[in-house]
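Report on the structure given below.
Since every read-out is calculated from the coordinates, none of them should be taken as a lab result. For clarity, every value in this text was computed on a predicted model and none was experimentally measured. Note that we place each Cβ from the backbone using ideal geometry, even for glycine, and neighbour counts take in every protein chain shown.
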Amino acid sequence: MIELTITSLSHAGEGIARHEGRVVFVPFALPGETVRVEIVEDKKNFQRARLIEVITPSPDRIAPRCPHHFAPPLMRSSASGEAGVGACGGCQLQHLAYAAQVQYKTQHVIEQLARVGGWSEAEARHIVRPTAPAPQPFGYRNQVQFALTPDGQLGFKAAGSSAIVPITECHIAAPALMQMRQRLNVESAPELERVTLRASAEDELIIFESEADAPEIEIDWPVSVALLRPDGASMALAGRDYLIETIKGRPFQISAGSFFQVNTAVAEKLVNEVLAALTLRASDCVLELYCGVGLFTAFIAPDVQRVIGIEISESAVEDAAANLDEFENVEIYCAPAEDVLPTLEIRPDVALIDPPRAGCAPEVLNALLKLNPRVIIYVACDPATFARDAGRLAAGRYKLEAVQPFDMFPQTHHVECVARFVSI
């Protein structure tokens, strides 16, 4: 047992302190706090500790709303579990006041641009705008994915562990999802890998993920149920295997195997920011990498001459075909971007890239630099991989003009960004 003073937060939302010349990571601790911890992992260059007690709390510390969130002795209520034992790992920052969460995310993006991307901290501060807060810090998620305990209970992974914590409440999930969860009874089913609940204003969808045969189901309320295979293929068990989500008044089909933003309200803000940053012209040819179900494409296509999309997910491409059926100027390639992009004989005026958390493969960035669009808009869900890719684009004679972070995921350490690069 040792006492530490927390100086900052890591990229994962963990408290950072120093002890005997090494960095110590303390989940659920906040900057400015004096804490008592137990070292649980001892590496050559760092240590990891379990928070035992908050001796001097930060003024930004609040009592977590969720009983499954870790609460140290100072903050523990009758609803909270023991100090971190079996605590849910879904929210890393629910103990931090929301205004401070937003400030932390801005600083996190700045630090990644400086540490990984190669900008000075002063330059990064000039480039990165204040994070746009979410309209709803709680109840915002339009989908949740549950793992199953051996006896069939739905839960999330524990903080710092692969163990599954049975969940009775989730305060970041939309109320409709928690109502679905209360009505859902999953008997012991070893063949099921995960259960995902999705809800929009129009539809509700339950997705069972399994390699085995379809499970037997009984339904007494109007909800669609789908079976999702590991290869992304799905089949309807009841109703249909997709739902309809509306963004900026436009409906989008989203199949069981297709990705879509989890925060509908912030997704609309994201679309508006992307459209403003693109500065489109009627004669433009737009290249869109990782185009998904066509969320951005649907709002770009009416204003340009041509849109070329690339997407690896077959289910997303099928959804995009339905969502973009009215447009004659859109073509989509279903393949990895690194395979297709070097073979395209086009000269895009503008490029929009929205890669997964791992960022862009070097082949993608190299091919994009050769095409030399006048503007590149990068939608990022991981500041570290974005900063890495931003550094590569900057080395290829692109100037990073601005980065606008969005709090797509309140109560967690995740942040979404829209970045604008211009050719120089």
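Some values worked out for this structure:
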item	result
Lys, Arg +1 and Asp, Glu -1 on Cβ, resulting dipole of segment 340-424 about Cα centre, debye, nearest 20	340 debye
Ranking of Ser255, Ser210, Ser234, Ser423 by count of other Cβ atoms within 10 Å, fewest first	Ser423, Ser210, Ser234, Ser255
Calculated from backbone phi, Karplus (6.51, -1.76, 1.60) coupling profile of segment 241-249 in Hz, x at Gly/Pro	9, 8, 10, 10, 10, 10, 10, 6, x
Considering only segment 263-423, percent of DSSP beta bridges that pair antiparallel, nearest 5	45 percent
Gyration tensor verdict on segment 134-192 (Cα atoms; rounded if a/c is under 1.5, prolate if a/b is larger than b/c, oblate otherwise)	oblate
Principal axes of segment 117-233: Cα extent on each, largest first, Å	59, 31, 29
Where GluC sites (Glu not before Pro) fall in DSSP loop in segment 158-237, at most 10 other Cβ within 10 Å	Glu187, Glu202, Glu211, Glu216, Glu218
Fraction of beta bridges assigned by DSSP in the chain that are antiparallel (%, nearest 5)	70 percent
Paired Rg and Dmax values of segment 263-423, which use every Cα atom, in angstrom	14.6, 44
Loop GluC sites (Glu not before Pro), segment 324-424 (other Cβ atoms within 10 Å of the site Cβ: 13 or fewer; DSSP)	Glu326, Glu328, Glu345
Segment 171-290 shape via C-alpha gyration tensor axes, a/c threshold 1.5	prolate
The chain, relative contact order [Cα under 8 Å, separation at least 6], %	13 percent
Burial order of peptide ranges 146-154, 402-410 (average beta-carbon count within 10 Å, highest first)	402-410, 146-154
Over 25 Å between alpha carbons, listed pairs Lys105/Lys399; Lys105/Lys370; Lys43/Lys105; Lys44/Lys105	Lys105/Lys370; Lys43/Lys105; Lys44/Lys105
Where trypsin sites (Lys or Arg not before Pro) fall in DSSP loop in segment 310-387, at most 15 other Cβ within 10 Å	Arg357, Arg374
The chain: Rg to Rh, with Rh as the Kirkwood radius over Cα pairs	0.98
Net charge dipole size for the chain [Lys, Arg +1 and Asp, Glu -1 on Cβ; Debye, nearest 20]	1880 debye
For segment 7-159, Kirkwood radius (reciprocal of mean inverse C-alpha pair distance, Å)	17.1 Å
